[in-house]
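The values are calculated or read from the model by the stated rules, or taken from the named source; none is laboratory data. Because the structure is predicted, anything quoted here is derived from the model rather than measured. Note that we place each Cβ from the backbone using ideal geometry, even for glycine, and neighbour counts take in every protein chain shown. The protein model used for the area step is the full one, side chains on, heavy atoms only, and it has no ligands, DNA or RNA in it. Shrake-Rupley method; radii C 1.70, N 1.55, O 1.52, S 1.80 Å.
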Number of protein chains: 4
Amino acid sequence: MKEGEIMKVGLLGATGYSGAVLYSLLKQHPNVTHLNLYGHNTGTSKKVFLETAIPAYLNEHLELQEFDPVAIMNSNDVLFCATPAGVTSKIARPFIEENFPVIDLSGDFRFKDPAVYSKWYHKPAAPAEQLQKACYGLTDFQTPTTHYIANPGCYATASLLGLAPLVIEKMIIPDTIIIDAKSGVSGAGKKPNTSNNYSFINENAWLYKMNQHQHIPEIVQQLQAWNKNISAIEFTTTLIPITRGIMATIYVKAAPNITLTKIKQAFNKYYQHDKFIRLLPEETPSIKEVTGSNYCNIGLSYNEVTNTIVIVSVIDNLMKGAAGQALQNFNQLFNFPEEAGLPLLPLFP
Amino acid sequence: MKEGEIMKVGLLGATGYSGAVLYSLLKQHPNVTHLNLYGHNTGTSKKVFLETAIPAYLNEHLELQEFDPVAIMNSNDVLFCATPAGVTSKIARPFIEENFPVIDLSGDFRFKDPAVYSKWYHKPAAPAEQLQKACYGLTDFQTPTTHYIANPGCYATASLLGLAPLVIEKMIIPDTIIIDAKSGVSGAGKKPNTSNNYSFINENAWLYKMNQHQHIPEIVQQLQAWNKNISAIEFTTTLIPITRGIMATIYVKAAPNITLTKIKQAFNKYYQHDKFIRLLPEETPSIKEVTGSNYCNIGLSYNEVTNTIVIVSVIDNLMKGAAGQALQNFNQLFNFPEEAGLPLLPLFP
Amino acid sequence: MKEGEIMKVGLLGATGYSGAVLYSLLKQHPNVTHLNLYGHNTGTSKKVFLETAIPAYLNEHLELQEFDPVAIMNSNDVLFCATPAGVTSKIARPFIEENFPVIDLSGDFRFKDPAVYSKWYHKPAAPAEQLQKACYGLTDFQTPTTHYIANPGCYATASLLGLAPLVIEKMIIPDTIIIDAKSGVSGAGKKPNTSNNYSFINENAWLYKMNQHQHIPEIVQQLQAWNKNISAIEFTTTLIPITRGIMATIYVKAAPNITLTKIKQAFNKYYQHDKFIRLLPEETPSIKEVTGSNYCNIGLSYNEVTNTIVIVSVIDNLMKGAAGQALQNFNQLFNFPEEAGLPLLPLFP
Amino acid sequence: MKEGEIMKVGLLGATGYSGAVLYSLLKQHPNVTHLNLYGHNTGTSKKVFLETAIPAYLNEHLELQEFDPVAIMNSNDVLFCATPAGVTSKIARPFIEENFPVIDLSGDFRFKDPAVYSKWYHKPAAPAEQLQKACYGLTDFQTPTTHYIANPGCYATASLLGLAPLVIEKMIIPDTIIIDAKSGVSGAGKKPNTSNNYSFINENAWLYKMNQHQHIPEIVQQLQAWNKNISAIEFTTTLIPITRGIMATIYVKAAPNITLTKIKQAFNKYYQHDKFIRLLPEETPSIKEVTGSNYCNIGLSYNEVTNTIVIVSVIDNLMKGAAGQALQNFNQLFNFPEEAGLPLLPLFP
């Protein structure tokens, strides 16, 4: 598409965290002129307005329309799905059949193998033939090859961007990858529960889902696509008392003859012209340096004594880890400028 | 100015909190094409780059230029000063003499009476004749009358916007105003000290500067401009463990024959078409509903039993309380659209 | 009772916040040798152990016993009830009939008038004749007059201790009391909901229940007991992002001829020998100075210009505002040393 | 010593975080009847009182006495030093010569080799012959062998307690240890600086001192004492927005034929009768479960696919990681009950 061209955009699930952020980005995108919201809990007769569901969006007096695939395709040029796991696997068929552009922020279409999805998500997967029609949308490494884009998970994005140069260039010993990821509370969604209760998580840090997190197979699938020798990773997730943000601290053993200079060259090769990845000159990244932005900041170090490379990769889980990357996928799919609709700087302080 | 017209903008003090936020707004303002940064600590030979002072702004490789009034006026169409108290009182003269547009975020030019400034700021004031050339820039009530705009203080903005309709319409008993203001930690600036130390203020709330806050005379001066019968206010400030945001909870006694309906009518009269003030349908505002935005949200209640009106006014202290309002003043001064450069929605969650 | 004497103590509701804190205090009380826990949701067959309900209490392998009044009275010398509103009104009868000592942390027995309770708690009240058998346990002003002690509410404790000297000594204009109270999140209990969700309340402040908080009539009832001329107060509650703590900022108009010296004398008169009330030499109290302790810290100022006295009273809502004061009531009732079982210093930092 | 016996205790550095916590513990220790405070900045004529330095300790009207070794030894039975690095190396000599009991919370006497200290602390070390007179006080594994006890560092305590059973029992591949430690802000002391500034660290996580933390050689020295094959560790420290607490997430490769059952047996062997180490039945520890207590909680998992053991060890850095363990050392040195003076339960919530 050319600049100046206008788009009608549908958004399913605007009342969740990712959906709400996506709404705010789409609202300031220069090419998006129509924005239609849809609910995925059909059958309820109660009208829902965006401003009611999200008081911070007071005066955004848009009603959530009922979910109807045909109507959605007639009224829009593209559909974003910011839905919980298990929704799009049930509703994607008509869009896929019509080859209608969909950007899906959920995990439902990230795997090629339905069995992997079922095992890790504990839900029925979409049919294999539908999964084949979807492409994985890690924007810094892939441009869309189909019209159904599976937007990557937040942990997966931070981890994969941190590992990509070394994995693709075969600079590490394959099965030595350990990812110690720290995440803000918004990553687990909006619904009140024991672990997002303020009195629980404030002044706390909680390691959860040890070796059971559903982003593990997503990371492994992509690492294998880059390097067949990788078969498994060690992956822990620790909830820390912040609202937004992920830090993935990645430990890997260097392949023989690797130096810090070579490591930095590899990262420069892939990222020096990348608009949304910033390599730190010093080795100490912090989450807040990316909060509110679509940046992924990466810091590097190499300890010769232990032959360990440490890569620290930070993102805002709701931006580069969800809505921001979804907008990048939208911009790529329709040939808009890469940063259209995206804030140019993090929120500081 | 017309849309499409371009501006060269100078910014003094970009490395402080307000200045940094202002920089991020100016960067996305459609009419600002040149942005020059200046330091106010002249005489140091060390080069300072924005990205070094603010790591979150990595890749903003702008150097802070030395402060030189003539050079500044030659290179720019306007100068923003995001400086601590006591700076612009010393450096404003050449700009005022040349009638060069200045938007000053500090308190130095907010008072007509130099003695008031000296008393509350414990610093020498600018000369009275210079103070006369400045106008107070509470954007929702004033458009610039001179080229030197004194941008209001954060507490003052929240308090004045909450009180204006009732004070102007003479609906309250004059000297019954009590303002219990709560503020985030960024309000006191970037320099580390005992009270912004994390281990002090986290899990804490601290009432400070009881009846001694320098925003008291600023609020009183403007209230008196609206209603001569007001002579004093009771004003407390409590630091709470958040980075951004102010809540001003205002208690006033209603004049005779006032009802909640009349109160709401007064607020509607002044604010229903105001782009950046949102009246809450329910009476329970929260700070986070405005964080990252230029909004002031206002909630109202009237207790007939105690004849007390409670107005709750919330802003982001660095946006509507500093950089956001400064940009509004810029837009007003140069006839740009009111919301140019300003984000349309708060950061959520 | 004499020192060295031992007590068997029952505790109903140990798994809530107040109950858990009470458990930790009782455990280190030198005279408490037996501690029996009871659940108030009878009829469930599932065994509940304290350590399961509260992982921080790992190894406290006590089972919650089924609620049975006769068994409880047979096995214990006293019963603490740390139950939500609406529980003890239903179960208190046998204990009251037997004149068995009960310390009730809920609001159910704080009022003399059942209609007041029903109106503000939206629940059926205990019968008036039972309410007559209960005494209000504001420990710094009352020693138990019956065996059923209604332990005061957290907001009520902070507010009443801040107001008592001036109200009793008639040093204020009666109906000018405004209380702006700030509270931590634990005050609303342990059950996850929208307002204790981390992503909601972190970086936020939220004014809730404007003029509708159930502690209003409790405060007014006690103020009237001290001074019949008081008929109403203005009272707001703002939730701030801390786990524990309350700050009550109280504004009152001084009666004629009052000076700061007289105000301080009044506070000294009542509190200088009070072990758990600390008068601040300077006027700026902070919540964290009492966290984890049973202290109430009070700061004072008087503004002659506005004739306003500001009293700032801070407590730990779960200690002096709940479990700590309950233990003080226990110590008073059984003649143990006032500070038995209570920590001597706040948690710092 | 026997129960009932009384002690006179000196405390150097009571105004810092560790010292203040130690003061609060000593104050409630049943055998400590006299508590003398000393300052280590001699030569200043200004009197310092504890309550002035720490407002939370209002009414603790103790004056800090001037530092004088002879006077200290005459007036006390033991001296605690809660001093910054570089103090005790200069002042320890007279105490060591007199064989006077000292418990030193700083790092100055933790190494046998002065060169190691100088290299990692960037300060001159105490003389080697003095270092020989000190013993390392990891209380769960060592009882004092000399009268000068070097109390372990906070990160070292969490890491060593998590590793000890597997290292001593030779159940891991020696040089595969990776420790990803998360720490609260109080760990870096009380002095305001850029990294403990609220607006910096709130809503943030910051990886600092990559491979440069001074606790690395302390951990390695003790691991080598247990198992000579260990020569190096990989160790990162991430500051998270909490005041107190450390989580050490430890990744190690299992030696051949290791199973989760064997791992658990090893931990049970060393810790099942340890009063202050709690093994979690489930594998998800959280920091807050130990806050305010002297506990170290440990969770375990073993991933057969990656042959990785993950040990998660959490402590309160100011208790088990500083003052609490120092009191344990005191109790061991003088044969008091292990838990004398220590709180029995964490602060909850």
Of the conditions (1) over 17 Å from C:ALA158 (Cα atoms); (2) away from chain B (no Cβ under 14 Å), C:LYS275 satisfies every one except a single condition; which number is it?
(1)
For D:GLY86, work out the one condition from (1) touching a residue at least 40 places away in the same chain (Cβ under 8 Å); (2) open to solvent by less than 30 Å² (accessible area, probe 1.4 Å) it doesn't fulfil.
(1)
Within the stretch B:16-57, residues being modelled with pLDDT of 95 or more, part of a loop (DSSP other than H, G, I, E, B) and either touching a strand residue (DSSP E or B) at 6+ places or on another chain (Cβ under 7 Å) or β-branched (Val, Ile, Thr) (or both) number 2
Just to be sure, is B:THR143 surrounded by fewer than 16 Cβ atoms within 10 Å (Cβ to Cβ) and under 23 Å from B:ASN317 (Cα atoms)?
yes
Residue count, the stretch C:295-312 (criterion: farther than 16 Å from C:LEU138 by Cα and either open to solvent by 10 Å² or more (accessible area, probe 1.4 Å) or among the basic types (Lys, Arg) (or both))
7
Filter the stretch A:130-187 for residues that are touching a strand residue (DSSP E or B) at 6+ places or on another chain (Cβ under 6 Å), among the β-branched types (Val, Ile, Thr) and more than 29 Å from A:LYS253 (Cβ to Cβ); which is modelled with the lowest pLDDT?
A:THR145
Only residues in the stretch C:134-145 that are on the phi < 0 side of the Ramachandran plot count as the first member; pair them with residues that are acidic (Asp, Glu) and open to solvent by less than 30 Å² (accessible area, probe 1.4 Å), Cβ under 7 angstrom, at least 6 apart or cross-chain, and list the lot.
C:ASP140/C:ASP274
From B:ILE240, B:ILE277, B:ILE258, grab the single residue that is touching a residue at least 40 places away in the same chain (Cβ under 8 Å) and open to solvent by 10 Å² or more (accessible area, probe 1.4 Å).
B:ILE258
Name the residue that is farthest from the chain's Cα centre (by Cα), counting only residues in the stretch D:281-313 that are closer than 20 Å to A:ASN197 by Cβ and more than 8 Å from chain A (Cβ to nearest Cβ).
D:GLU282
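Listed residues B:TYR121, B:TYR148, B:TYR117; which is within 19 Å of B:LEU223 (Cα to Cα) and open to solvent by less than 50 Å² (accessible area, probe 1.4 Å)?
The match here is B:TYR117.
Among the residues of the stretch C:247-256, write down those that are over 20 Å from C:ASN317 (Cα atoms) and either touching a helix residue (DSSP H, G or I) at 6+ places or on another chain (Cβ under 7 Å) or within 7 Å of chain B (Cβ to nearest Cβ) (or both). Give the derivation first.
Restricting attention to the stretch C:247-256, the residues satisfying the condition of being over 20 Å from C:ASN317 (Cα atoms) are C:251-256.
If the condition is that a residue be over 20 Å from C:ASN317 (Cα atoms) and either touching a helix residue (DSSP H, G or I) at 6+ places or on another chain (Cβ under 7 Å) or within 7 Å of chain B (Cβ to nearest Cβ) (or both), then C:TYR251, C:VAL252, C:LYS253 are the ones that fit.
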Which count do you get for residues in the stretch C:315-333 that are out of contact with any strand residue (DSSP E or B) (no Cβ under 7 Å at 6 or more places or on another chain), among the hydrophobic types (A, V, I, L, M, F, W, C) and not in a helix (DSSP H, G or I)?
1
What are the residues in the stretch A:60-83 that are among the aromatic types (Phe, Trp, Tyr) and open to solvent by 30 Å² or more (accessible area, probe 1.4 Å), if any?
A:PHE67
Could you check the stretch A:91-165 for strands (runs of 3 or more DSSP E) lying wholly inside it with 1 or more residues that are touching an Asp or Glu at 6+ places or on another chain (Cβ under 6 Å) and of a type in the set (A, V, I, L, M, F, W, C)?
A:148-150
List, please: which pairs have Cβ atoms under 8 Å, are six or more places apart or on different chains, and start with a residue in the stretch C:94-106 that is under 12 Å from C:GLY13 (Cβ atoms) and in the same structural domain as C:ASN329 (by TED's automatic domain parsing) and end with one that is open to solvent by 20 Å² or more (accessible area, probe 1.4 Å) and acidic (Asp, Glu)?
none
Within the stretch C:5-31, how many residues turn out to be open to solvent by 10 Å² or more (accessible area, probe 1.4 Å) and closer than 16 Å to D:LEU342 by Cα?
4
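Can you name every residue in the stretch A:124-140 that is among the polar types (S, T, N, Q) and either open to solvent by 60 Å² or more (accessible area, probe 1.4 Å) or in contact with a Ser or Thr (Cβ under 6 Å, 6 or more places away or on another chain) (or both)? Spell out how you get there, then give the answer.
The initial filter retains those residues of the stretch A:124-140 that are among the polar types (S, T, N, Q), namely A:130, A:132, A:139.
Within the stretch A:124-140, just A:GLN132 meets the criteria.
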Any pair with Cβ under 9 angstrom, 6 or more apart, that starts in the stretch C:221-233 at a residue that is under 25 Å from C:MET210 (Cβ atoms) and assigned by TED's automatic domain parsing to the domain that holds C:LEU160 and ends at one that is of a type in the set (A, V, I, L, M, F, W, C) and open to solvent by 70 Å² or more (accessible area, probe 1.4 Å)
C:SER231/B:VAL305; C:ALA232/B:VAL305
Close pairs from the stretch B:59-76: first touching a residue at least 60 places away in the same chain (Cβ under 8 Å), partner of a type in the set (Phe, Trp, Tyr), Cβ under 9 Å, at least 6 apart
B:ILE72/B:TYR38; B:ILE72/B:PHE95; B:ILE72/B:PHE100; B:ASN76/B:PHE100
The lone condition A:ILE315 fails out of (1) over 30 Å from D:PRO174 (Cβ atoms); (2) open to solvent by 10 Å² or more (accessible area, probe 1.4 Å) is (2)
